[in-house]
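The values are calculated or read from the model by the stated rules, or taken from the named source; none is laboratory data. Nothing here was measured: the structure is a model prediction, and the numbers come from that model. No Cβ is skipped: glycine too gets one built from the backbone with ideal geometry, and neighbour counts run over all protein chains shown. Ligands, DNA and RNA are stripped out before the accessible areas are found, and what is left, the full protein with its side chains, is counted by its heavy atoms. Shrake-Rupley method; radii C 1.70, N 1.55, O 1.52, S 1.80 Å.
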Amino acid sequence: RAIVRKPMVFLLDEPLSNLDAKLRATMRTELTKIHQRIGTTFIYVTHDQTEAMTMATRIVVMKDGLIQQVDTPQNLYLYPCNLFVAGFIGSPQMNFVDSVLVKEGNDYFVEFGSEDTKTRAGVKFKIKLPAEKNKKDCLVPYVDKEVIIGIRPEHVHDEEELLEKFPDGIVEANVEVTELMGAETYLFMNCEGQAINARVAPTNTARPGDKIKIALEPSKIHIFDKDTELTICN
């Protein structure tokens, strides 16, 4: 009935929320086809990030009634403006690790796993950041300060060839839970008290209780201001 009236804008408020998972996926496709066919603007409200990412051409991410970021689905995923957007977009969500940013010579590192973040006593892991992370000297004000690093599960690797490819990002973690999803496996790990999840190949043989080496892909690391939660670099 709404379509035959030919309105200039369609307002949809969680239209698929009461459907089962299979029908919801089917209706996402149908609504996308309708949008392409009639070419009218749809304003679509949803709490389901899958609906937003698969259906939208632009997404407005809101928190407590305030707009956090407006962008394309791909840009929201790759370049979140703050900690909330980074954690909201993506499933499993981005890993967040409390760290300290340090500088040695011309190189920048993030350190974590120490008992004392102020003195960095007993630091276990140090990851070297690529030079491009310091565009416009954005890291300079944060040297020797606490920051939050973020990395998506698909950028955490356990394959031997990738451990060799990213030697600057290797850490050790204890596997707590594994979830075989068919085409991929999720590893839920503990790394010196920090929770890290990885999306790895289904051939992975890690089991709960194993201690394994993983590589955090340095170029894919996001860094956030711990106080403002805004993105420093990504």
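Are any residues in region 194-215 open to solvent by 30 Å² or more (accessible area, probe 1.4 Å), of a type in the set (A, V, I, L, M, F, W, C) and either in contact with a Cys (Cβ under 7 Å, 6 or more places away or on another chain) or not in a strand (DSSP E or B) (or both), and if so, which ones?
If the condition is that a residue be open to solvent by 30 Å² or more (accessible area, probe 1.4 Å), of a type in the set (A, V, I, L, M, F, W, C) and either in contact with a Cys (Cβ under 7 Å, 6 or more places away or on another chain) or not in a strand (DSSP E or B) (or both), then A201 is the only one that fits.
Listed here are the residues, each with its yes/no results for (1) at pLDDT 95 or above; (2) under 28 Å from P153 (Cα atoms).
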{"position": "L12", "(1), (2)": "no, no"}
{"position": "I34", "(1), (2)": "no, no"}
{"position": "T46", "(1), (2)": "no, yes"}
{"position": "E51", "(1), (2)": "no, yes"}
{"position": "T72", "(1), (2)": "yes, yes"}
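Keeping to region 21-52, report how many residues are crowded, with 17+ Cβ neighbours inside 10 Å and among the aliphatic types (A, V, I, L, M).
2
Could you go through region 97-112 and let me know if any residue there is under 18 Å from I232 (Cβ atoms), free of Cβ contacts under 8 Å to residues at least 24 places away in the same chain and of a type in the set (F, W, Y).
Within region 97-112 (the criterion being under 18 Å from I232 (Cβ atoms), free of Cβ contacts under 8 Å to residues at least 24 places away in the same chain and of a type in the set (F, W, Y)), the answer is yes, since at least one residue qualifies.
Find all pairs meeting these conditions: Cβ atoms under 8 angstrom apart; at least six residues apart or on different chains; first residue within region 1-14 and within 12 Å of I38 (Cβ to Cβ); second residue open to solvent by less than 100 Å² (accessible area, probe 1.4 Å) and at pLDDT below 90.
F10/A2
State whether one or more residues within region 118-128 are aromatic (F, W, Y), in contact with a Leu (Cβ under 7 Å, 6 or more places away or on another chain) and farther than 15 Å from A198 by Cβ.
No; the residues of region 118-128 include none that is aromatic (F, W, Y), in contact with a Leu (Cβ under 7 Å, 6 or more places away or on another chain) and farther than 15 Å from A198 by Cβ.
So, in region 163-193, exactly how many residues are over 22 Å from G113 (Cβ atoms) and surrounded by 14 or more Cβ atoms within 10 Å (Cβ to Cβ)?
4
Keeping to region 129-171, report how many residues are assigned to a loop (DSSP other than H, G, I, E, B) and more than 17 Å from A195 (Cβ to Cβ).
8
Filter region 91-112 down to the residues that are out of contact with any Ser or Thr (no Cβ under 9 Å at 6 or more places or on another chain) and at pLDDT below 90 and list them by number.
P92
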